[in-house]
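Asks: The structure follows.
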Amino acid sequence: MNSTCALTAKSGEAMTDAIFYFDFGSPNAYLSHKVIPQIEARSGAKFAYVPALLGGIFKATGNQSPAQAFAGIPSKLAYERLETQRFVRRHRITEFAMNPHFPVNTLQIMRGAVAAQVEGVFEPYVEAVFRAMWVDGLKMDDPAVIRQALEAAGLPAEALIARSADPEVKARLIANTEEAVAKGVFGSPSFLVGGELFFGKDRLRDVEEEVAASA
C-alpha cells in the first residue's frame with residue numbers, strides 16, 4: 001500500500017502506478033483492498049490510497065448507493081449480493097461480513113485516515129478500520145467504538161482523534177473529494193491509471209491490464 005504522507009502533497013504526486021479512491025463505508029472498497037496486494041505482487045505496481053468522502057462524492061455527482069438506487073428492485077439487490085459472494089470465492093477472501101449497522105456515517109473515520117497520514121500510521125490505520133467495518137461489524141460512527149477499535153489495533157487513538165479535528169485535516173479530505181470528482185469519480189471504489197478511470201471491484205482485472213500496458 002502506498003499513501004500520500006504529507007498533508008500538503010497532492011494525491012496525484014505520489015510515485016505510483018494506480019490511485020485508489022476509497023471510503024471505508026463501501027464494502028466493495030474493502031474487498032478491493034483485499035485484492036490489491038495480489039495485483040501489486042503480480043505486476044510490481046503500487047497503488048496510492050487516497051481517502052475521499054463518499055457522501056461528498058454522491059452529493060456532488062447526484063449518485064446514490066445501490067441500496068437506495070435499487071430499493072424498489074429486489075432482484076437487482078439480490079444479484080448484487082450474488083456477485084459479491086462470487087467475488088469473495090474467486091479471490092479466496094476468508095474474512096468478510098456485511099456490517100449490521102450499514103450504512104455507517106464515515107466522516108469521522110475518513111478524517112481519521114487523513115490524520116493517520118500526518119501521524120505516520122496510515123497503513124495500519126487503514127487495515128484496522130477496514131477490519132472493524134467489514135470483519136468485526138462495529139458501529140464505526142460511534143466515537144467510543146472508534147476509540148476502542150483504534151486502541152485494540154495498537155494505534156495512537158487520542159492523537160488520531162485530536163488530529164481529526166484539525167482544520168487542515170478537514171480541508172485535505174474535502175480537497176481529496178473534490179479532486180476525485182474533478183477526475184470523474186462518482187463512487188467507491190474508483191481507480192485511476194494515468195488518466196484512465198475504472199469503477200468498481202469488478203474492474204480490478206482491467207486496472208491490472210492497464211497498469212501492465214502503461215509500464
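The values are calculated or read from the model by the stated rules, or taken from the named source; none is laboratory data. These figures come from a predicted structure and were not determined experimentally. Neighbour counts run over all protein chains shown; Cβ positions are idealised from the backbone, glycine included. We work out accessible area using only protein heavy atoms, side chains counted, and drop any ligands, DNA or RNA first. Shrake-Rupley method; radii C 1.70, N 1.55, O 1.52, S 1.80 Å.
Asks: Please enumerate, by chain and number, the aspartates and glutamates with C-alpha under 12 Å from the C-alpha of LYS183, excluding those fewer than 8 residues away in the same chain.
Replies: The reachable aspartates and glutamates, counting only those whose Cα sits under 12 Å from LYS183, are GLU196.
Asks: Per residue, how many Å² of accessible area does the chain show with a 1.4 Å probe?
Replies: About 49 Å² of surface per residue is accessible.
Asks: Enumerate the amide H contacts of TYR49 below 5 Å, restricted to partners 5 or more residues apart or on another chain; note that Pro and chain-start residues carry no placed amide H.
Replies: The list, which skips near neighbours in sequence, is ASN2, SER3, THR4, PHE20.
Asks: Still on this model: Just the number, please: carbon plus sulfur as a percent of the accessible area of the chain, 1.4 Å probe, no ligands or DNA/RNA counted.
Replies: Exposed carbon and sulfur together represent 52 percent of the surface.
Asks: Can you tell me how the chain classifies by the Cα gyration tensor, rounded, prolate or oblate, using a/c under 1.5 as the rounded cut?
Replies: Because its axes are fairly even, with a/c under 1.5, the chain counts as rounded.
Asks: Per DSSP H run of n ≥ 4, the term is -39500 (n - 2.57); total these for the chain, divide by its residue number, and report the mean residue ellipticity at 222 nm rounded to 500 deg cm²/dmol.
Replies: Value at 222 nm, helices only, nearest 500: -17000 deg cm²/dmol.
Asks: Here's something else I'd like to know. If you take every DSSP beta bridge fully contained in the chain, what fraction is antiparallel? Give it as a percent rounded to 5.
Replies: 50 percent
Asks: Please state the shape class of the stretch 99-212: rounded when a/c is under 1.5, otherwise prolate if a/b exceeds b/c and oblate if not, all from the C-alpha gyration tensor. Intermediate values should be presented prior to the final figure.
Replies: Details: a/c = 2.00, a/b = 1.53, b/c = 1.30.
Because a/c hits 1.5 or more and a/b exceeds b/c, the stretch 99-212 counts as prolate.
Asks: Can you give the FRET efficiency to the nearest 0.05 for ALA67 and HIS91, using r as the Cβ-Cβ distance and R₀ = 25 Å?
Replies: Details: r = 23 Å, r/R0 = 0.92.
Efficiency, rounded to the nearest 0.05: 0.65.
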